[in-house]
Amino acid sequence: MNTERRISLEPGFVLHRTPYRDTSLLLEAFTAEHGRVGLVAKGARRPRSALKGLLQPFQPLLLSWAGRGELRTLTGAEPAERPAFLAGPALASGFYLNEMLLRLVARHDPQPDLYPVYARTLSTLTKSSDMEWALRLFERDLLLCLGYGLLLGDEADGGGAVQSEGHYWYHLERGPVPEQGGGGIPVRGETLLALAKGQPPNQQGRAEAKQLMRAALRLYLGDKPLASRALFRQFAGSKRPQPSGE
């Protein structure tokens, strides 16, 4: 039976907000123990609402809600920490993270391992000059948490450990196959090991990692373009991190 539930002070972030009726908001939130939830914030757009400036992306929150079904009713929200300040390319990267969660994480599917990955990546975006690599690691961990993790440290079909000096073809449904196998996505062993260990590779490795992650994510994103791509285009004059998922 789909009975009413009351949740109190659940850590979470607003991923997306949309005006609803005259004074309310529809929210998509990502929470520590309950995954992605849809919430109605009644009266949140009223001039004197305590929630008016609080329900923003990248603000760590403690959320309370009640109800049943796809949409629950927000009953309270308070700041958990200071918000992550993102500007320029970092802001575009933050919206890319949010869009990936909206596209790939189903509502009411708990993701306790993915939540700290998201929070940690937001923190990294506020202080890291290597935002592009931060996105690669987020994409790697997102796929892993959703059960689609890539085989990075070992060759496909029990072929042994990936060799740093080796050259491979990556088959998305199998893993890396030594170069003589043919087909798939070309990638060097040192790039696969860099992704596995989280260690930034050289420029060639970054290009290979981006190509690999883009192909892997396309399996689950489909052909619909990413809206966050437009934000990256706005920063054409600056050094931009590059998302893979499109």
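Bear in mind these aren't lab numbers, they're just calculated from the coordinates by the rules spelled out. Note that the structure is a prediction, hence the values are computed from the model and not measured. With ideal geometry, Cβ positions are generated from the backbone for all residues, glycine too; neighbour counts draw on all protein chains shown.
Which residues, counting only those in the stretch 58-76, are under 26 Å from residue 132 (Cα atoms) and crowded, with 20+ Cβ neighbours inside 10 Å? Talk me through it step by step, then tell me what you get.
First, pick out the residues of the stretch 58-76 that are under 26 Å from residue 132 (Cα atoms): 58-60.
Hit for the stretch 58-76 is 58, nothing else.
With (1) within 18 Å of the chain's Cα centre (by Cα); (2) of a type in the set (S, T, N, Q); (3) surrounded by fewer than 20 Cβ atoms within 10 Å (Cβ to Cβ) as the list, and residue 111 as the residue in question, which single condition is left unmet?
Looking at each condition in turn, residue 111 falls short on (3).
Looking at 15, 25, which is the one that is surrounded by 17 or more Cβ atoms within 10 Å (Cβ to Cβ), farther than 14 Å from residue 63 by Cα and either in contact with a strand residue (DSSP E or B) (Cβ under 7 Å, 6 or more places away or on another chain) or without any contact (Cβ under 8 Å) to a residue 24 or more places away in the chain (or both)?
Working: 15 fails: farther than 14 Å from residue 63 by Cα.
The conditions single out 25.
Every residue in the stretch 77-91 that is surrounded by 16 or more Cβ atoms within 10 Å (Cβ to Cβ) and under 20 Å from residue 24 (Cα atoms), please.
Scanning the stretch 77-91 gives a single hit, 77.
If the Cβ limit is 9 Å and pairs must be 6+ apart or interchain, which residue in the stretch 37-56 that is touching a residue at least 40 places away in the same chain (Cβ under 8 Å) and farther than 23 Å from residue 68 by Cα pairs with which residue that is of a type outside the set (A, V, I, L, M, F, W, C) and part of a loop (DSSP other than H, G, I, E, B)?
Short answer, once both residue conditions are applied: 56/83.
I'm trying to understand the selection: among the residues of the stretch 214-223, which are among the hydrophobic types (A, V, I, L, M, F, W, C) and more than 13 Å from residue 104 (Cβ to Cβ)?
Step one: filter the stretch 214-223 for residues among the hydrophobic types (A, V, I, L, M, F, W, C), giving 215-217, 219, 221.
Residue satisfying the conditions is 215 alone.
Would you call residue 136 under 27 Å from residue 182 (Cβ atoms), assigned to a helix (DSSP H, G or I) and out of contact with any Phe, Trp or Tyr (no Cβ under 8 Å at 6 or more places or on another chain)?
On the way: under 27 Å from residue 182 (Cβ atoms): yes; assigned to a helix (DSSP H, G or I): yes; out of contact with any Phe, Trp or Tyr (no Cβ under 8 Å at 6 or more places or on another chain): yes.
In short, yes.
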